[in-house]
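Chemist: Structure incoming, see below.
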Amino acid sequence: MLTQTSNHPTEAANPLMTRIANGDEQAMSLFATRYGGRLYALGCRMLGDPSIAEDALQEALIKVWRFAHSWDSKKAAAFTWSYRVMMNTCNDILRKKQRGQKLETALLTDPTYAPDDGLSKASKMAVADAVLKLPEKQKLSIVLTCWEGLSVAETADVLGVTLKSVESHLTRARKALREMLETEDDEPIRKTA
């Protein structure tokens, strides 16, 4: 099973990627061990099925190996580049599988997956349901920054948009979530948005 060494990826991936681009199999193995857990978690959330996420992870890691030479450290950190590879792999799987589960289904099938562990299961479901209603870029911006722990800059790299664009998506998403999460008794569960 893959292990995760920290909650936030570090720039230690950059030298590994350089070694991978030069054909260093040990570097690829180390990269997969260090970062595979986070990539797999993203796959689970996007695909809603752990076994399909495992296949996606293997496919994404093969792409990292094959295309490491195309990674440009001036454009993205190695980890955020690999995150984009994983997202694209998952999106390809979802496109191929017309009846397949999307991010929305993954969020709803895992009600414990919410950024605040202090919320009740019902509140987590309400947050997940509200996130489902957001436009795609807002939804992905919230998932990557609030739930996956990526910085705004890393999220911009993963989504292939500007920093300002992610900030704008987050601002609009948070506003929309606040409005959606207001309850009848004026007791909002918006702490997480």
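The values are calculated or read from the model by the stated rules, or taken from the named source; none is laboratory data. All of these numbers come straight from a predicted model, not from anything done at the bench. So basically every Cβ, Gly included, is an ideal-geometry build from the backbone, and we count neighbours across all protein chains shown. Just so you know, the surface numbers come from the protein's heavy atoms only, side chains and all, with ligands and any DNA or RNA stripped out. Shrake-Rupley method; radii C 1.70, N 1.55, O 1.52, S 1.80 Å.
Chemist: Only residues in the stretch 57-86 that are in contact (Cβ under 8 Å) with a residue 12 or more places away in the chain and surrounded by fewer than 21 Cβ atoms within 10 Å (Cβ to Cβ) count as the first member; pair them with residues that are of a type in the set (Ser, Thr, Tyr) and assigned to a helix (DSSP H, G or I), Cβ under 7 angstrom, at least 6 apart or cross-chain, and list the lot.
Modeler: From the stretch 57-86, the pairs are 59/89; 63/89.
Chemist: Specify the residue that is nearest to residue 83 (Cα to Cα); the eligible residues are those in the stretch 147-159 that are out of contact with any Phe, Trp or Tyr (no Cβ under 9 Å at 6 or more places or on another chain), of a type outside the set (Val, Ile, Thr) and not in a loop (DSSP other than H, G, I, E, B).
Modeler: In this case the residue turns out to be 159.
Chemist: Restricted to the stretch 154-169, and to residues that are modelled with pLDDT under 90 and among the aliphatic types (A, V, I, L, M), which residue is farthest from the chain's Cα centre (by Cα)?
Modeler: 163
Chemist: Where residues in the stretch 130-163 are of a type in the set (Asp, Glu) and open to solvent by 20 Å² or more (accessible area, probe 1.4 Å), which of them is farthest from residue 72 (Cα to Cα)?
Modeler: Applying the filter and picking the extreme gives 136.
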